[in-house]
1. Anything in the stretch 8-42 that is within 20 Å of residue 65 (Cα to Cα) and either modelled with pLDDT under 65 or touching a strand residue (DSSP E or B) at 6+ places or on another chain (Cβ under 7 Å) (or both)? List them, or say none.
2. Which condition number in (1) surrounded by 11 or more Cβ atoms within 10 Å (Cβ to Cβ); (2) more than 25 Å from residue 78 (Cβ to Cβ); (3) among the charged types (D, E, K, R) is the one that residue 28 fails?
3. What do you reckon, is residue 76 modelled with pLDDT of 90 or more, more than 11 Å from the chain's Cα centre (by Cα) and not β-branched (Val, Ile, Thr)?
4. Under the condition of being within 11 Å of the chain's Cα centre (by Cα) and small (Gly, Ala, Ser), which residue from the stretch 46-70 is surrounded by the fewest Cβ atoms within 10 Å (Cβ to Cβ)?
Amino acid sequence: MVAPFGEASVQHLRPGAERLAHAGAKTDDGFLVVNLWPSKEESEAAARDPRRLGIVERAEIEREQIRREHYEVAHHVVFD
């Protein structure tokens, strides 16, 4: 599941989406994805994107398995 979900999520950002960072990792009890968006609204819009929902469905992830948390980032650095 890790490879298909990560690959698809990077390649299929909706037009105008400005995700700043994306990381995914296997955990002992599932999978963790961290996305850095300019705003909570952008994050929520991405979560509603039908293409993303399709990826989640094809990966057989149940909606109740997903827990979303939003935090205000104090500072971030983008390395080239």
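1. 8, 9, 22, 23, 24, 25, 31, 32, 33, 34, 35
2. In the conditions (1) surrounded by 11 or more Cβ atoms within 10 Å (Cβ to Cβ); (2) more than 25 Å from residue 78 (Cβ to Cβ); (3) among the charged types (D, E, K, R), residue 28 misses (1) alone.
3. In short, no.
4. If we take residues in the stretch 46-70 being within 11 Å of the chain's Cα centre (by Cα) and small (Gly, Ala, Ser), then 47 is surrounded by the fewest Cβ atoms within 10 Å (Cβ to Cβ).
The values are calculated or read from the model by the stated rules, or taken from the named source; none is laboratory data. All values reported here derive from a predicted model rather than from experimental measurement. Because the Cβ atoms are built from the backbone with ideal geometry, glycine has one as well, and the counts that use them run over all protein chains shown.
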